[in-house]
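Trainee: Here you go, one structure.
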Amino acid sequence: MPDFVFDDQGVEQQDSNDRAQGPGDSGPSGDEGRPSALHRWGVVVFVVVLLAGGLAGLGVYAQHWKRGVWVREVIISGNTLLQDSELLGFAGGLVDRNMESVDSAALERRFIAHPYIRAASVGKEMNGIIRVQVDERRPFARIVSEWMPGIIDTEGYVLPWRELPATAPPLIDVSGVRVRKSGAKASVKVDPEEFAVLQSFLDALYGTEYARLMVRKITFIDGNKTYFTASGSPIRFLVGNDGNYKEKLKKFEIFWQKVVARKGFDAYDSVDLRFHERVFAREQNE
C-alpha cells in the first residue's frame, strides 16, 4: 500500500511568492485593459481632428469658390401677379459680376421696395445662379376713386392701381373707405374699422351661392348706411356697418329672385336689409 506524504513546504513556498508579489503588482492579466483604452481615445482624437480639418477645408473651398464664380443667371420664383421681366429689373447689373460681391441682404431690400412684394429671399448656387423667391401681396378688393384708385390687399394695405393678370380672381369694387398712412415707408392702409367691415362682408359674400355672382360694388357711408349694388341694377341694398351679413345676403338672394326678377332691375330705389327677418323696399320716385 503506497504511502502518502503531505509536503507543506511547497505550499508555504507558494504563499511566500504570492506575498512577495503584493496586491499592487500587476501581472500579464492586469495590463491588458490599459492599451485598449488608449487605443480608443486615439481613435476619437483622430476622428475629431479629421472632421475639423474637413470643415476647415470646406470653408477654404467655399471662399475660393465665391471668388472664382461669376453670376450667369438670375431666376425669379413665387410670382403670379408680376412678370419676370419686371422683377428682373430689380436685379439689373448682376450678370457677369463676381458672386462674392453680391450682397444678398441689399438685393432682398430692392425687391421688398416693390409695393406688391411683402417679402423676398435670395439664394446663391455654385453653378452661378442667383435665385430670388418672392412673396407677393394678395389682392382683396379694388378701390374705385377719382383721387386715389388702388388695390386693397388682404392685410388692408392700399397698393398702386395696376391691371392684374387674367388668372387673378375677380375683385369687388369699393368706394367711400377712409385711408391713412402707416409705417416708416409711408404706406397707406384702409381705416381698421372699415377694413374689418369689408372683411366680414366679403367673407360672407364668398360663401353664398348666388350673391357672389351678382354683387359688384360696396359703398361705405357713415351712419350705418353702407350699401352694395348688383350687376345690371342701380338698386342700393343697405347692409350697414355691422350685423350678420350672411343673413342679409340671403335675404338679398330671395328678394332678387322673387321680386326684382319679376318687377324689373330698376323698379326700386333702395332695399333695406339691415333689420332681422325684415326687408323694406323703396320704389323709384317715392
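Readers should treat all values here as calculations from the given coordinates under stated rules, not as data from a laboratory. All values reported here derive from a predicted model rather than from experimental measurement. Every residue, glycine as well, gets a Cβ built from its backbone with ideal geometry; the counts of neighbours run over all protein chains shown.
Trainee: Can you list residues whose amide H is under 5 Å from Val188's amide H, if they're 5+ apart or on another chain and H is modeled 1.01 Å from N?
Mentor: Val158, Ser182
Trainee: Right, another one. So for segment 68-136: antiparallel DSSP bridges make up what percent, rounded to the nearest 5?
Mentor: 60
Trainee: When you count, for each residue, the other Cβ atoms within 10 Å and take the mean per peptide, how do 90-97, 125-132 rank with the highest first?
Mentor: Highest mean packing first, the order is 125-132, 90-97.
Trainee: In whole Å, what is the distance between the alpha-carbon centres of segment 130-189 and segment 209-265?
Mentor: Rounded to whole Å, the Cα centres lie 24 Å apart.
Trainee: With the radius of gyration and the Kirkwood radius both derived from the Cα set of segment 180-286, what is their ratio Rg to Rh?
Mentor: 1.03
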